[in-house]
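J.: A single structure is presented below for examination.
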Amino acid sequence: MMSMPVTGAVAEYRGSRYRVLFGNSEWYALRVDCDVEIPDAIARGERRLPPAGTEQWAKVPISAIDGVVDIRVKGIVRGEKVSLQSQLSDGRIQVGFVGSPAAAEKLGLEGDQHMGWIGFFDPDEFSDIQVEETRRG
């Protein structure tokens, strides 16, 4: 499966970057495989992903995190700019789109012009991928 950058927060921990799945004011759950050693982990677990996948996480105190970076990823699909939101276990990318109903229909998206549109595309359907990183203070 081709890995694609997607929008979301990543934590920098001991020289590596891990996607932040969820958290609170005291800890973050970092997306890590079960064989990755995380010395500061206070808990480990997994969450289910549709349609039949799972992803493992490690809960790490915020005090052990070196930094957090917010990532925004945009790309072009069939001539329209979309936001790359997540990568599914089957490799497809979930996108968000804000635009006209005609453009959304052309892309085969679901949703509406008030709440936005979503859809799923194979990684090879994207062009002009742009990644913007903003470090949290």
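J.: Of the residues Val60, Val82, Val77, Val73, which is among the β-branched types (Val, Ile, Thr) and touching a Ser or Thr at 6+ places or on another chain (Cβ under 7 Å)?
T.: Of the residues listed, the single one that is among the β-branched types (Val, Ile, Thr) and touching a Ser or Thr at 6+ places or on another chain (Cβ under 7 Å) is Val73.
J.: Something else about it: Taking into account only those residues within the stretch 27-64 that are β-branched (Val, Ile, Thr) and exposed (fewer than 13 other Cβ atoms within 10 Å of the Cβ), which is nearest to Gly91 (Cα to Cα)?
T.: Thr54
J.: Please state which of the following conditions Asn24 fails to meet, knowing it meets all the rest: (1) modelled with pLDDT of 95 or more; (2) surrounded by 13 or more Cβ atoms within 10 Å (Cβ to Cβ); (3) over 26 Å from Glu125 (Cβ atoms).
T.: (2)
Per-residue answers, yes or no, for (1) in contact with a Gly (Cβ under 7 Å, 6 or more places away or on another chain); (2) closer than 24 Å to Arg14 by Cα; (3) aromatic (Phe, Trp, Tyr):
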position	(1), (2), (3)
Ile38	no, yes, no
Gly45	no, yes, no
Asp66	no, yes, no
Gly75	no, no, no
Arg78	no, no, no
Lys81	no, no, no
Ser89	yes, no, no
Gly96	yes, no, no
Ala102	no, no, no
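J.: Here's a follow-up. Restricting to the stretch 74-131, count the residues that are surrounded by 13 or more Cβ atoms within 10 Å (Cβ to Cβ) and assigned to a strand (DSSP E or B).
T.: Qualifying residue count for the region: 26.
The values are calculated or read from the model by the stated rules, or taken from the named source; none is laboratory data. Values in this document were obtained by computation on a predicted structure and should not be read as measured data. Note that we place each Cβ from the backbone using ideal geometry, even for glycine, and neighbour counts take in every protein chain shown.
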